Amino acid sequence: MTILKALFNLFSVLLIIGFCQQPAIAKEVIKIALAGPLTGSYAQFGAQLEKGARLAVKHLNQKGGIMGKQVELIPGDDACDPKQARAVANNLVNQNVVAVIGHFCSSSTIPASEVYAEEQILQITPASTNPKVTERNINTLLRTCGRDDQQGAAAAEYIARKLKAKRVAIIHDKTTYGQGLADEARKSLRSLGIQEALYEGISIGDKDYSALVSKIKKADVELIYFGGLHAEAALIVRQTRDQGVKALFMSGDGIVDKAFADVAGTASEGVLMTFQADPRKTPAAQEVVNEFKQKEQYDPEGYTLVSYATVQVLAETYNKINSTNSIKAAQYMKSHVFDTVIGVIRFDAKGDLSTSPYVIYRWHNGTYAEITN
């Protein structure tokens, strides 16, 4: 009996040791990706998306997550490069994400969406405004921002009706977003009886725009409309001012970041811009805005709160359908209304917002504010 008892005790000790040496079982999480330009010339916009999504995930996890599981935000840096975006998409697929918030640049969103669509991974872009994004019959692709045919029309209407400008130069950066926006504005201006005095494309990364400025001066324009992002826009407006060009400068949501004014300096004064109604002024956003300002010393400009709202839409959908099935989720989203920090969101059958009014902003003293008169 003594030997048997000793053997039993030894077996018990070995059993306990064996259990202690077993690797810890990883807690199951739901992975949602955040894809955009986290590095490079347009990293400020990637930071907007990342900050908004990260705070939304933090708040979501504090309330129990999705279907009782914690959410992990997986970053994907595409640097607004189409080839890199496709590689990022494949990498995120391999990490088993259930949804992607992104990308930012339309030229990245479109090729990446082909990867996600093939794998039936839900994708919601908070910022890609080119109409082609949702015109390709991808039923698991939506966006929480407007479209450039809407944005270009709003700009043209303001140029023609309010500014009454007749001689307009249209400049673009040859990208899916930039040229697409410029062309939509040009189309709308022509419908209003305004034929552009100059139409030119520039290359991403250019630093010297003296040749362009010479063409603008020769065309004797009243207004320069630019389709592109803040890095190029800031240099163009600064160099036109340095060479004495006083024409108004107008662009789209690609300059909705304080980095535009940082680079343009005093030349940013009076620059006009189209963007959706300021999300920071939405009553539902005030608690989140205050947290950003007080705890992170960050003003949630641009697409920050749109990204936050995108997480809200995803979380509510998954919790309601009790599944992360992308097709079911997209169907639910297109048939329901969501209360978010940027207000009420409704999607149409294509995955676009059912309404997306653009308003006009003016840059003044290094920041932008909506023009109300």
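Values quoted throughout were computed directly from the atomic coordinates according to the rules given, and no laboratory measurement underlies them. As the structure is a prediction and not an experimental result, all values here were calculated from the model. No Cβ is skipped: glycine too gets one built from the backbone with ideal geometry, and neighbour counts run over all protein chains shown.
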> What is the order of 364, 230, fewest Cβ neighbours within 10 Å to most?
Replying inline: 364, 230
> For residue 83, which lysines qualify as cross-link partners when the Cα separation must be under 23 Å and same-chain residues fewer than eight apart are set aside?
Replying inline: 132, 174
>> Based only on other Cβ atoms within 10 Å, what is the fewest-to-most ordering of 135, 50?
In response: 135, 50
>> About the Cα centre, and with charges only on the beta carbon of Lys, Arg (+1) and Asp, Glu (-1), how big is the dipole of the chain? Nearest 20 debye, please.
In response: 380
> By the scheme Lys and Arg +1, Asp and Glu -1, what is the net charge of all other residues having a beta-carbon under 15 Å from that of residue 155?
Replying inline: -1
>> Based on alpha-carbon centroids, what's the gap between the stretch 346-373 and the stretch 242-283 in Å, whole number please?
In response: 13
> By counting other Cβ atoms within 10 Å of each Cβ, how are 188, 356, 210, 113 ranked from fewest to most?
Replying inline: 210, 356, 188, 113
> Angle between the Cα long axis of helix 43-62 and the longest principal axis of the chain, 0 to 90 degrees, nearest 10?
Replying inline: 40
> Using the alpha-carbon centroid of each, what span in Å lies between the stretch 286-321 and the stretch 174-222?
Replying inline: 35
> Quick one: of the DSSP bridges fully inside the chain, what percent are antiparallel, nearest 5?
Replying inline: 30
>> Longer than 30 Å from Cα to Cα, which of 162/281; 166/281; 187/207; 187/293 are they? Say none if no pair is.
In response: 166/281; 187/293
> Given a cut-off of under 8 Å on Cα pairs at least six residues apart, what relative contact order in percent is computed for the chain?
Replying inline: 17
> In percent, what relative contact order does the stretch 149-270 have, based on Cα pairs under 8 Å that are 6 or more apart in sequence?
Replying inline: 26
> What distance in nm separates the simple spin-label points at residue 199 and residue 31, each placed 7 Å from Cα in the Cβ direction?
Replying inline: 4.5
> Measuring from label point to label point, each 7 Å out along Cα→Cβ, what is the residue 166 to residue 364 span in nm?
Replying inline: 2.9
>> Which residue, 138, 315, 338, has the largest displacement toward the positive end of the dipole of the chain when charges sit on each Cβ (Lys, Arg +1; Asp, Glu -1)?
In response: 338
>> For the chain, take the longest principal axis of its alpha carbons; what is the angle in degrees between that and the long axis of helix 2-21, to the nearest 10 within 0 to 90?
In response: 0
> From the list (i) 138; (ii) 149; (iii) 162, can you say which value of volume of the Cα convex hull per residue in Å³ was derived from the structure given?
Replying inline: (iii)
> Once the other residues with Cβ under 13 Å from the Cβ of residue 46 are scored (Lys, Arg +1; Asp, Glu -1), what is the net sum?
Replying inline: -3
